[in-house]
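Pasting a structure here, questions to come.
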Amino acid sequence: MLPNGLQIAGLDAIAQLFTGLFSTQAPSPAAVAVIAAERGVATEIETQLANGQVRRTGNFFHLDAAGQIARLSVYARSG
């Protein structure tokens, strides 16, 4: 789920999203905080965009019983 509420599902759709994102700009994301648990990981990501802006997001990885990503929710910091 993206910050704008759009939900992307399926391997092909997720791959297309990131391929488009990285082809139009050169972000350089860095994890500034990570909290890990058995069934999930929360990260704060700071991304330097090609235009010089810095974007911070909260990324929540929800894991299934096999430890695979079942869902990823991304929330953008406003302001």
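The values are calculated or read from the model by the stated rules, or taken from the named source; none is laboratory data. Fair warning: this is a prediction, and the values are worked out from it, not measured in the lab. Every residue, glycine as well, gets a Cβ built from its backbone with ideal geometry; the counts of neighbours run over all protein chains shown. To get the accessible areas, we keep the full protein, side chains included, count just its heavy atoms, and leave off ligands, DNA and RNA. Shrake-Rupley method; radii C 1.70, N 1.55, O 1.52, S 1.80 Å.
Among Q68, L2, T19, whose Cα projects farthest towards the positive end of the dipole of the chain, with charges put on the beta-carbon of Lys, Arg (+1) and Asp, Glu (-1)?
My answer, from the dipole projection, is L2.
Now for a different question. Of all accessible surface on the chain at a 1.4 Å probe, what whole percent is carbon and sulfur?
Solvent-exposed carbon and sulfur of the chain make up 57 percent of the total.
Expressed as an acute angle from 0 to 90° and rounded to the nearest 10, what is the orientation of the C-alpha long axis of helix 11-24 relative to the principal long axis of the chain?
20
Would you mind working out the accessible area per residue for the chain, using a 1.4 Å probe, and quoting it in Å²?
Accessible area per residue: 73 Å².
When only alpha-carbon atoms are used, what values of Rg and Dmax, in angstrom, describe segment 38-79?
Final numbers for Rg and Dmax: 12.8, 40 Å.
Okay, next question. Just the ratio, please: alpha-carbon radius of gyration of the chain over 2.2 N^0.38 Å, N its number of residues.
1.14
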